[in-house]
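Q: What follows is a single structure, and I will ask about it in a moment.
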Amino acid sequence: QVHLVESGGGLVQAGGSLRLSCAASRNIFSFNTMGWYRQAPGKQRVLVAAISSGGSKNYADSVKGRFTISRDNGKNTVYLQMNSLKPEDTAAYYCHAGSRPYDYWGQGTQVTVSS
């Protein structure tokens, strides 16, 4: 069983920054990909950013230039640095790890951006 534990969410004013962390219970090299998704009330869960085991990154168009995904292999942790936050970034953010054919999810952390 894999456990992913997110932290770092909270309430921030528009234009502010937050850094989310996702600590995995096993070596993150074992995952094909790790990433962050978000889900706003009444909407589907969507990809925000992902990083492959080879280090390739991809971002949703809505966060390009503002968010950065990174990882610390020694700490088995993936981060999401979020800058220039906007009210529309408000959502529950979920850490995801993929190891074919399995998908693992964290419990989510709430990010609320006030205008």
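The values are calculated or read from the model by the stated rules, or taken from the named source; none is laboratory data. None of the values given here were measured: they were computed from a predicted structure. For neighbour counting, all protein chains shown are included, and Cβ atoms are generated from backbone atoms with ideal geometry for every residue, glycine included. We work out accessible area using only protein heavy atoms, side chains counted, and drop any ligands, DNA or RNA first. Shrake-Rupley method; radii C 1.70, N 1.55, O 1.52, S 1.80 Å.
Q: What does the net charge come to around GLN110 if you take all other residues with beta carbon closer than 13 Å to its beta carbon, with K and R at +1 and D and E at -1?
A: Numbers: positive: ARG38; negative: GLU6, ASP89.
So the environment of GLN110 carries a net charge of -1.
Q: Working with all protein chains in place, sort GLU6, GLU88 by solvent-accessible area computed with a 1.4 Å probe, largest first. Show your work: numbers first, answer last.
A: Working: GLU6 10, GLU88 125 Å².
Result, largest first: GLU88, GLU6.
Q: Sticking with this one: Restricting to lysine pairs 8 or more places apart or on different chains, what number in the chain have Cα atoms under 24 Å apart?
A: 5
Q: Any idea of ARG71's accessible area? Nearest 10 Å², probe 1.4 Å.
A: Its accessible surface works out to 70 Å², give or take rounding.
Q: Taking K and R as +1 and D and E as -1, what net charge do the other residues with C-beta under 15 Å from the C-beta of ASN27 add up to? Kindly include the intermediate steps, with their values, before the conclusion.
A: Working: positive: ARG26, ARG71, LYS75; negative: ASP72.
Overall, the nearby charge balance is +2.
Q: Below 10 angstrom from the Cβ of ARG66, what's the summed charge of the other residues (Lys, Arg +1; Asp, Glu -1)? Numbers along the way, then the final one.
A: Working: positive: LYS64, LYS86; negative: ASP89.
That sum, taken over residues with Cβ under 10 Å, equals +1.
Q: Starting at the first residue of region 60-73, write each ³J(HN,Hα) from the Karplus equation 6.51 cos²θ - 1.76 cosθ + 1.60 with θ = phi - 60°, in whole Hz, x for Gly and Pro.
A: Using θ = phi - 60°, the values come out as 5, 4, 5, 10, 4, x, 10, 10, 9, 9, 8, 9, 10, 4 Hz.
Q: For region 14-30, what does the Karplus curve 6.51 cos²θ - 1.76 cosθ + 1.60, with θ = phi - 60°, yield as ³J(HN,Hα) per residue in whole Hz, taken in order and with x for Gly and Pro?
A: So the Karplus estimates, Gly and Pro as x, are 4, x, x, 10, 9, 10, 8, 10, 9, 9, 9, 8, 8, 4, 6, 5, 6 Hz.
Q: Now a separate question. Tell me, what ³J(HN,Hα) does each residue in region 85-102 have, in order and in whole Hz, if you take phi through Karplus 6.51 cos²θ - 1.76 cosθ + 1.60 with θ = phi - 60° and put x for Gly and Pro?
A: Working through the residues one at a time gives 5, 10, x, 6, 7, 4, 4, 8, 9, 10, 7, 10, 9, x, 9, 3, x, 9 Hz.
Q: Search the structure for amide H atoms under 5 Å from the amide H of PHE67, placed 1.01 Å from N in the peptide plane, and list their residues when 5 or more places away or on another chain.
A: When sequence neighbours closer than 5 places are left aside, the close amide H contacts are ASN83.
Q: Which order do ASP89, ASP103, ASP61 take when ranked by solvent-accessible area (1.4 Å probe, heavy atoms of all protein chains), largest first?
A: On the way: ASP89 0, ASP103 95, ASP61 125 Å².
Listed by decreasing accessible area, they come as ASP61, ASP103, ASP89.
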